[in-house]
There are 2 protein chains.
Amino acid sequence: MGRNRATLADVARRAGLSKTAASMVLNGREGTRLSAEAHQRVFAAAEELGYRPNLAARSLRTRKTATIAFVSDIVATTRFAGGLIRGALDAARERDHVLLITETQGDATFEQYAIEAMLDRQVDGVIYAAMATRRLTVPPAILGGPVVLLNATSADGLPCVLPDDDRAGRSVAAALLEHGHRDAIALIGRNRLKEDDPEVSLAARARLGGIQQALDEAGVSLLAECFCTEWLPEHGYAAMRGLLSRPSRPSAVICMNDRLAFGAYQALGEAGLSVPDDISVISFDDDPIAAWLRPSLATTALPHEQMGRRAVELLLDGGPAEPSLVAMPLRRRRSLAPPAG
Amino acid sequence: MGRNRATLADVARRAGLSKTAASMVLNGREGTRLSAEAHQRVFAAAEELGYRPNLAARSLRTRKTATIAFVSDIVATTRFAGGLIRGALDAARERDHVLLITETQGDATFEQYAIEAMLDRQVDGVIYAAMATRRLTVPPAILGGPVVLLNATSADGLPCVLPDDDRAGRSVAAALLEHGHRDAIALIGRNRLKEDDPEVSLAARARLGGIQQALDEAGVSLLAECFCTEWLPEHGYAAMRGLLSRPSRPSAVICMNDRLAFGAYQALGEAGLSVPDDISVISFDDDPIAAWLRPSLATTALPHEQMGRRAVELLLDGGPAEPSLVAMPLRRRRSLAPPAG
DNA sequence: ATGCTCTGCTAAATCAGTTTAGCGGCCACT
DNA sequence: AGTGGCCGCTAAACTGATTTAGCAGAGCAT
């Protein structure tokens, strides 16, 4: 890989100058007294030789590698990770940096390995990402340098990037209110564990809080709340069946994520009910599936790309110490309509 | 990041030996005549100081970085990428390597940038991955070192890893035949562009070929074939509606991927038909959605993890020159049943 | 003539490893 | 006695960059 590359010494020789001069010129150092002609010669030589600096050599001296570690529990390989990585990749490229990606799979041994591998390679900083928005404990080994938490917080008060789930909750509720739903709104996806343990989830509590606040302000209370052990389609399906077996049918349902909503759609389809004519549905995440459903599912998008981007910006450019909340845009789609009758 | 790390010189000093000796011992060099006691002292010193070699320094001399570039067109950030990256990550870790990930987004400028960034960092090899299984042209710049194509082939005869779509096609057809379907099998997802242009897709042609071969051998021919401009749910939906409007209804449908099948399910649901009682459905990819559908969708899994793993193995350990085909396991699920009547 | 500053540039040290060449001591053999 | 080889180890070169310290020459003032 990359044999026969021209070195700085080659450039200097061709320009008839010293390595020092060549280095100064190519790095655009101010305050040097090298002549305009020397600059010309160095640039020309570098150009002709197709010179590119050896970053290993440079970083040996400067202790900068222009490399960022992206360490995640498991996020890197799930569908949710794509946007995070893409955003981070874009922002990194704009700053001439590159991403070294590892995954711990929640395994302490792997985590240890991943972190050592990163430190051995002298990364300039670490982005520590979690699949589920949650609070976590950062391994002390990485605290020696800049760290940004992505989709996570910690007790250490480290800079972090989170989706604004609270506001998303409010906008989801507001969207239903706008359509005239008031007294027959049900909620699918309550979950004590997710709501109460920040190490499991921060999203559940924030979404719920946002929803309730918006409803309270409108003087509305929920018709029903379904608890789900997980937020998977089968649980949404079961919850919706439960709702439909009750005497009073909801006019609208909020699902805590799109997978629950998918399951809810399945139950509605089987029951011969129509979305949105019989029941409106709205949800969270904007999983690709939301746009594929018939009718397409209104939801609030997890702004993964933005979040990834923000994490890199925070890491390299610095920023305010408080948690960086990224807005979750509401995707208005066909699953919303005014209540029947 | 990583300040105050002990250096080899520190270890040597503490062991009362030279850097040379320390280096030899820690690298387990054979044929050195250092005493057992010297070994002990070096190991002890390294242990006590928590010594970890500076890889930048090492690679400056050895021109090995224990780093692999993972360059993809766009794969790294899609749901399909997860497995590829995870498999690669696992195999890399087992070999004490790490992955530098970049994405070209199909943009020549980005690709140029990505490749230079990799070469500047002296990666030991490049995995060049494509989102869609296809033939592509490898940028000459990376041909200076080891390259493995992942989910792609090229005209250069480079080592490559591909899913075995042909065999998957045969096993899909075989599964339907096993269930007794013969004269009423329809196919959704024919697409001339994908089938004829290897730079667009290799999968379409291979899957189709496998299906037809298996059917031919059984003396069966397709009841109908639906062409789709894309392989998205809406196209599967439209195709299935088309099929249902024909005089003779198929007893089984093969979809060229799970997203088409998802659309087909939607059309069947609306038509009040049941899977698998009225129509069996089988497909390709094993998208997560396949298991979430009701009834769960039989499909052949794209072995992403295996493929990613294989790519790293090929790159670091070498292997046969011919394309490395990875089996696509059949997932038997509830969408299959014998034809009605 | 001497000292001083400024200009334009370079030698050499440095980063932290690996690798080559070889040193001094001891033994055995001729 | 001379010398060749082995043993156990080390000095120094080397990788390719950055950075510090400083040199030679010109111009100017004293």
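All but one of (1) within 25 Å of residue B:244 (Cα to Cα); (2) surrounded by 17 or more Cβ atoms within 10 Å (Cβ to Cβ) hold for residue B:183, so report the exception by its number. Tallying (1) within 25 Å of residue B:244 (Cα to Cα); (2) surrounded by 17 or more Cβ atoms within 10 Å (Cβ to Cβ), residue B:183 fails exactly one: (2). Screening the stretch A:23-39 for residues that are in contact (Cβ under 8 Å) with a residue 12 or more places away in the chain and either part of a helix (DSSP H, G or I) or within 17 Å of residue A:54 (Cβ to Cβ) (or both) and picking the one that is nearest to DNA strand C (Cβ to nearest atom) gives A:38.
Conditions tested, residue by residue: (1) at pLDDT below 95; (2) aliphatic (A, V, I, L, M); (3) in the same structural domain as residue A:97 (by TED's automatic domain parsing).
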position: A:2; (1), (2), (3): yes, no, no
position: A:23; (1), (2), (3): no, no, no
position: A:33; (1), (2), (3): yes, no, no
position: A:45; (1), (2), (3): no, yes, no
position: A:58; (1), (2), (3): no, no, no
position: A:71; (1), (2), (3): yes, yes, yes
position: A:76; (1), (2), (3): yes, yes, yes
position: A:82; (1), (2), (3): yes, no, yes
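Got at least one residue in the stretch A:53-75 being out of contact with any strand residue (DSSP E or B) (no Cβ under 7 Å at 6 or more places or on another chain), polar (S, T, N, Q), more than 30 Å from residue B:83 (Cα to Cα) and touching a residue at least 24 places away in the same chain (Cβ under 8 Å)? Quick ask: steps written out before the conclusion?
Within the stretch A:53-75, the first condition is being out of contact with any strand residue (DSSP E or B) (no Cβ under 7 Å at 6 or more places or on another chain), and the residues that meet it are A:53-65.
Narrowing further to those that are polar (S, T, N, Q): A:54, A:59, A:62, A:65.
Subsequent filtering for residues that are more than 30 Å from residue B:83 (Cα to Cα) retains A:54, A:59, A:62.
Those left that are additionally touching a residue at least 24 places away in the same chain (Cβ under 8 Å): A:54, A:59.
Taking every residue of the stretch A:53-75 in turn, at least one turns out to be out of contact with any strand residue (DSSP E or B) (no Cβ under 7 Å at 6 or more places or on another chain), polar (S, T, N, Q), more than 30 Å from residue B:83 (Cα to Cα) and touching a residue at least 24 places away in the same chain (Cβ under 8 Å).
The number of residues in the stretch A:218-241 being in a loop (DSSP other than H, G, I, E, B) and of a type in the set (A, V, I, L, M) comes to 5. Of everything listed in (1) in a loop (DSSP other than H, G, I, E, B); (2) near DNA strand C (Cβ under 7 Å from one of its atoms); (3) open to solvent by 50 Å² or more (accessible area, probe 1.4 Å), the single unmet condition for residue B:20 is (1).
Scan the stretch B:45-57 residue by residue and report those that are more than 8 Å from DNA strand D (Cβ to nearest atom) and under 43 Å from the mean Cα position of the chain (by Cα). Break it down into steps so the answer makes sense when it comes.
Residues of the stretch B:45-57 more than 8 Å from DNA strand D (Cβ to nearest atom): B:45-56.
B:46, B:47, B:48, B:49, B:50, B:51, B:52, B:53, B:54, B:55, B:56 - these are the residues of the stretch B:45-57 that are more than 8 Å from DNA strand D (Cβ to nearest atom) and under 43 Å from the mean Cα position of the chain (by Cα).
For residue B:120, are the conditions met, namely being under 34 Å from the mean Cα position of the chain (by Cα) and surrounded by fewer than 18 Cβ atoms within 10 Å (Cβ to Cβ)? So residue B:120 does not fit the description; no.
Taking the condition charged (D, E, K, R) and closer than 22 Å to residue B:106 by Cβ, does residue A:73 pass?
On the way: charged (D, E, K, R): yes; closer than 22 Å to residue B:106 by Cβ: no.
Answer is no for this residue.
Quick check on the stretch B:1-17: of everything there that is part of a helix (DSSP H, G or I) and more than 8 Å from DNA strand C (Cβ to nearest atom), which residue is surrounded by the fewest Cβ atoms within 10 Å (Cβ to Cβ)?
B:13
The condition (being crowded, with 21+ Cβ neighbours inside 10 Å and not in a loop (DSSP other than H, G, I, E, B)) is satisfied by just one residue among A:162, A:177: A:162. Being part of a helix (DSSP H, G or I), of a type outside the set (D, E, K, R) and touching a residue at least 24 places away in the same chain (Cβ under 8 Å) is true of residue B:42. Pairing residues of the stretch B:106-120 that are more than 14 Å from residue A:92 (Cα to Cα) with residues that are assigned to a helix (DSSP H, G or I), at Cβ distances under 7 Å and at least 6 apart in sequence or on separate chains, gives B:115/B:141; B:115/B:142; B:119/B:141; B:120/A:55.
A count restricted to the stretch A:69-81 and to residues that are more than 10 Å from chain B (Cβ to nearest Cβ) and buried (at least 24 other Cβ atoms within 10 Å of the Cβ) stands at 2.
Search the stretch B:298-323 for residues being part of a helix (DSSP H, G or I) and open to solvent by less than 10 Å² (accessible area, probe 1.4 Å), and hand back the single one that is farthest from residue B:130 (Cα to Cα).
As a first pass, look at the stretch B:298-323 and keep what is part of a helix (DSSP H, G or I): B:304-317.
Remaining after also requiring open to solvent by less than 10 Å² (accessible area, probe 1.4 Å): B:307-308, B:311-312.
Values: B:307: 12, B:308: 12, B:311: 12, B:312: 15 Å.
The selected residue is B:312.
Scanning the stretch A:35-45 finds no residues that are within 10 Å of chain B (Cβ to nearest Cβ), more than 22 Å from residue A:200 (Cα to Cα) and acidic (Asp, Glu). Hey, any hits in the stretch B:117-125 for a residue that's out of contact with any Ser or Thr (no Cβ under 6 Å at 6 or more places or on another chain) and closer than 18 Å to residue B:328 by Cα? Within the stretch B:117-125, none of the residues are out of contact with any Ser or Thr (no Cβ under 6 Å at 6 or more places or on another chain) and closer than 18 Å to residue B:328 by Cα. Taken as a whole, the condition of being touching an Asp or Glu at 6+ places or on another chain (Cβ under 6 Å), facing chain A (nearest Cβ under 8 Å) and among the charged types (D, E, K, R) does not apply to residue B:121.
I'd like the full set of residues that are more than 8 Å from DNA strand D (Cβ to nearest atom), open to solvent by less than 50 Å² (accessible area, probe 1.4 Å) and in contact with a Leu (Cβ under 7 Å, 6 or more places away or on another chain), limited to the stretch A:23-42. Scanning the stretch A:23-42 gives A:25, A:38, A:42.
Residue-level check: of (1) under 30 Å from residue A:150 (Cβ atoms); (2) surrounded by fewer than 22 Cβ atoms within 10 Å (Cβ to Cβ); (3) within 15 Å of DNA strand C (Cβ to nearest atom), residue A:86 misses just (3). Among the residues making up the stretch A:82-109, those that are more than 7 Å from chain B (Cβ to nearest Cβ) and either part of a loop (DSSP other than H, G, I, E, B) or hydrophobic (A, V, I, L, M, F, W, C) (or both) are A:84, A:88, A:91, A:92, A:95, A:96, A:97, A:104, A:105, A:106, A:107, A:108. Taking every residue in the stretch A:244-270 that is free of Cβ contacts under 8 Å to residues at least 60 places away in the same chain and pairing it with any residue that is aromatic (Phe, Trp, Tyr), at least 6 positions away or on another chain, the pairs with Cβ-Cβ distances below 8 Å are A:258/A:284; A:259/A:231; A:259/B:292; A:262/B:292; A:263/A:237; A:263/B:292; A:266/A:237; A:267/A:237. Of the residues examined, residue A:150 is not one that is in contact with a Phe, Trp or Tyr (Cβ under 9 Å, 6 or more places away or on another chain) and either surrounded by fewer than 17 Cβ atoms within 10 Å (Cβ to Cβ) or part of a loop (DSSP other than H, G, I, E, B) (or both). Within the stretch A:59-68, the set of residues being at negative phi and either facing another protein chain (nearest Cβ under 9 Å) or open to solvent by less than 60 Å² (accessible area, probe 1.4 Å) (or both) comprises A:59, A:60, A:65, A:67, A:68. Residue-level check: of (1) buried (at least 18 other Cβ atoms within 10 Å of the Cβ); (2) within 11 Å of DNA strand C (Cβ to nearest atom), residue A:45 misses just (2).
Take the residues in the stretch B:265-281 that are open to solvent by less than 10 Å² (accessible area, probe 1.4 Å) and more than 30 Å from the chain's Cα centre (by Cα); name whichever of them is farthest from residue B:339 (Cα to Cα).
Filtering the stretch B:265-281 for residues open to solvent by less than 10 Å² (accessible area, probe 1.4 Å) gives B:267-268, B:279-281.
When the remaining residues are screened for being more than 30 Å from the chain's Cα centre (by Cα), the result is B:267-268, B:279.
Working: B:267: 19, B:268: 16, B:279: 7 Å.
So, considering only residues that are open to solvent by less than 10 Å² (accessible area, probe 1.4 Å) and more than 30 Å from the chain's Cα centre (by Cα), the one farthest from residue B:339 (Cα to Cα) is B:267.
If I filter the stretch A:242-264 down to residues being over 28 Å from the mean Cα position of the chain (by Cα) and part of a helix (DSSP H, G or I), which single residue comes out as surrounded by the most Cβ atoms within 10 Å (Cβ to Cβ)? Per the stated criteria, the residue is A:243.
The values are calculated or read from the model by the stated rules, or taken from the named source; none is laboratory data. Computed from a predicted structure; not experimentally measured. Positions of Cβ are generated from backbone atoms using ideal geometry, with glycine treated the same way; all protein chains shown enter the neighbour counts. The accessibility values were calculated without ligands, DNA or RNA, using every heavy atom of the protein model including side chains. Shrake-Rupley method; radii C 1.70, N 1.55, O 1.52, S 1.80 Å.
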